[in-house]
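A short worksheet on the structure shown next.
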Amino acid sequence: HVVTVNDYLAERDADWMRPLYEFLGMSVGVILSQQDPATKRAAYACDITYGTNNEF
């Protein structure tokens, strides 16, 4: 898990690092406060998950 201080940074940083993680064969997910539970579950199942401390 990678913890950021807000949703914007979680999404920005995940998008920035995604090409590297995917090149290494890892999946990347982002947990945002407005997401529905099914979307959050899918993000939690990824190898690397970005989100805020409130979402973890």
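The values are calculated or read from the model by the stated rules, or taken from the named source; none is laboratory data. If you're wondering where the values come from, they're calculated on a predicted model, not measured in any experiment. Because the Cβ atoms are built from the backbone with ideal geometry, glycine has one as well, and the counts that use them run over all protein chains shown.
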Have a look at ALA38, ALA10, ALA42 and point out the one that is touching a Phe, Trp or Tyr at 6+ places or on another chain (Cβ under 9 Å) and at negative phi. ALA10
Are any residues in the range 1-32 of a type outside the set (A, V, I, L, M, F, W, C), within 14 Å of ASN54 (Cα to Cα) and touching a residue at least 12 places away in the same chain (Cβ under 8 Å), and if so, which ones? HIS1, THR4, ASN6, ASP7
Those residues that are under 18 Å from PHE56 (Cβ atoms) and either modelled with pLDDT under 95 or buried (at least 16 other Cβ atoms within 10 Å of the Cβ) (or both), I need them from the range 10-32; list them, please. ALA10, GLU11, ALA14, VAL28, GLY29, VAL30, ILE31, LEU32
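Filter the range 33-56 down to residues that are aromatic (Phe, Trp, Tyr) and either touching a strand residue (DSSP E or B) at 6+ places or on another chain (Cβ under 6 Å) or modelled with pLDDT of 95 or more (or both), then give me how many there are.
In the first step, residues of the range 33-56 are kept if they are aromatic (Phe, Trp, Tyr); the result is 44, 50, 56.
Next, from what is left, pick out any that are either touching a strand residue (DSSP E or B) at 6+ places or on another chain (Cβ under 6 Å) or modelled with pLDDT of 95 or more (or both): 44, 50.
Qualifying residue count, the range 33-56: 2.
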Within the range 19-43, count every residue that is under 8 Å from the mean Cα position of the chain (by Cα) and in a helix (DSSP H, G or I). 1
Could you list, in sequence order, the residues of the range 2-18 that are part of a helix (DSSP H, G or I) and of a type in the set (A, V, I, L, M, F, W, C)? LEU9, ALA10, ALA14, TRP16, MET17
